[in-house]
């Protein structure tokens, strides 16, 4: 069976992300916004609501003005917001996915078949309960039903705009 190039690229990207998420690195990059602990035991027996709520109740080190949940849930430029949890080996990943309204699309987006844009902020929860922002992804849904994600280089700037409730331009 022949796979389209974009599926192969997506598979390699996802594999690299999960490999990176599963590797403990004591010298975390500046983009990884460290926060506290999730309050769950190491086994995280009660996972879904507890881990998501643990992230939402936490605070990012550089953004002590509000909890993560308050800042993200009250960000006024997103019309649809969702928190999701997935497990990768011993790590849990909490995704905050938010979609912008139709006014976020420009003429070029519409010409290229983009029907909506959004962001995906990935929080990794370590086995010891600590957690951090791994990355921020730009999401584009297209008229053919496909959804594309690209990692944004300025995750710190995106987080600053969310906490300041200022508009993000993608």
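Descriptive notes on the structure:
- Matching residues in the stretch 70-90 - criterion: being surrounded by 12 or more Cβ atoms within 10 Å (Cβ to Cβ) and assigned to a loop (DSSP other than H, G, I, E, B): 74, 75, 77, 90
- Pair list, Cβ under 6 Å, 6 or more apart: the stretch 137-148 residue over 22 Å from residue 168 (Cβ atoms), other residue exposed (fewer than 13 other Cβ atoms within 10 Å of the Cβ): 143/113
- Members of the stretch 52-69 that are touching a helix residue (DSSP H, G or I) at 6+ places or on another chain (Cβ under 9 Å), assigned to a loop (DSSP other than H, G, I, E, B) and closer than 15 Å to residue 132 by Cα: 58, 59, 62, 67
- The condition of being buried (at least 20 other Cβ atoms within 10 Å of the Cβ), in contact (Cβ under 8 Å) with a residue 24 or more places away in the chain and out of contact with any strand residue (DSSP E or B) (no Cβ under 7 Å at 6 or more places or on another chain) holds for only one of 119, 162, 125, that being 162.
- Condition check for residue 150: surrounded by fewer than 17 Cβ atoms within 10 Å (Cβ to Cβ), modelled with pLDDT of 95 or more and farther than 21 Å from residue 57 by Cβ: yes
- From the list 134, 170, the lone residue that is closer than 19 Å to residue 83 by Cα and touching a helix residue (DSSP H, G or I) at 6+ places or on another chain (Cβ under 8 Å) is 134.
The values are calculated or read from the model by the stated rules, or taken from the named source; none is laboratory data. As the structure is a prediction and not an experimental result, all values here were calculated from the model. Positions of Cβ are backbone-derived with ideal geometry, glycine not excepted, and every protein chain shown enters the neighbour counts.
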